[in-house]
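The values are calculated or read from the model by the stated rules, or taken from the named source; none is laboratory data. Since this is a predicted model, take the numbers as computed values, not measurements. Glycine gets a Cβ as well: all are built from the backbone with ideal geometry, and neighbour counts include every protein chain shown.
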Amino acid sequence: MSEEVNIQNTVKIDGKDYDVATLPDVAKIAIEHLVAIDKEVQRLEMARAGFAQAIKSIMDSDEAPEPIGGTETTEEFVPEDA
């Protein structure tokens, strides 16, 4: 079963509205790819937020290890929603 991408009737490009039906096929394909990329970015942002929350929950629990004192770290993880 194949999925069809439902393109809106109009699209705004550089502040101007265009009827999608009048766009060249290459522009329509590019718009479909942009929509797919936006959906993937949103999915990855949600996944990142979920993993960040999971790390925070574990580190706030009794299961968290004691921090290492006096050593420098090369990378610090800071959840976006912190």
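Scan region 65-79 and tell me whether some residue there is at pLDDT below 90 and among the aliphatic types (A, V, I, L, M).
If we filter region 65-79 for residues that are at pLDDT below 90, which is where we start, we get 66-79.
If we keep only those that are among the aliphatic types (A, V, I, L, M) too, we end up with 68, 78.
Yes - at least one qualifying residue is present in region 65-79.
Could you look through region 11-53, keep only residues that are in contact (Cβ under 8 Å) with a residue 12 or more places away in the chain and under 30 Å from ALA64 (Cα atoms), and pick out the one that is surrounded by the most Cβ atoms within 10 Å (Cβ to Cβ)?
Selected residue: ALA52.
Would it be correct to say that ALA82 is surrounded by 10 or more Cβ atoms within 10 Å (Cβ to Cβ), of a type in the set (A, V, I, L, M) and either modelled with pLDDT under 90 or assigned to a helix (DSSP H, G or I) (or both)? Before you say what the answer is, go through the steps one by one.
Working: surrounded by 10 or more Cβ atoms within 10 Å (Cβ to Cβ): no; of a type in the set (A, V, I, L, M): yes; either modelled with pLDDT under 90 or assigned to a helix (DSSP H, G or I) (or both): yes.
It is false that ALA82 is surrounded by 10 or more Cβ atoms within 10 Å (Cβ to Cβ), of a type in the set (A, V, I, L, M) and either modelled with pLDDT under 90 or assigned to a helix (DSSP H, G or I) (or both).
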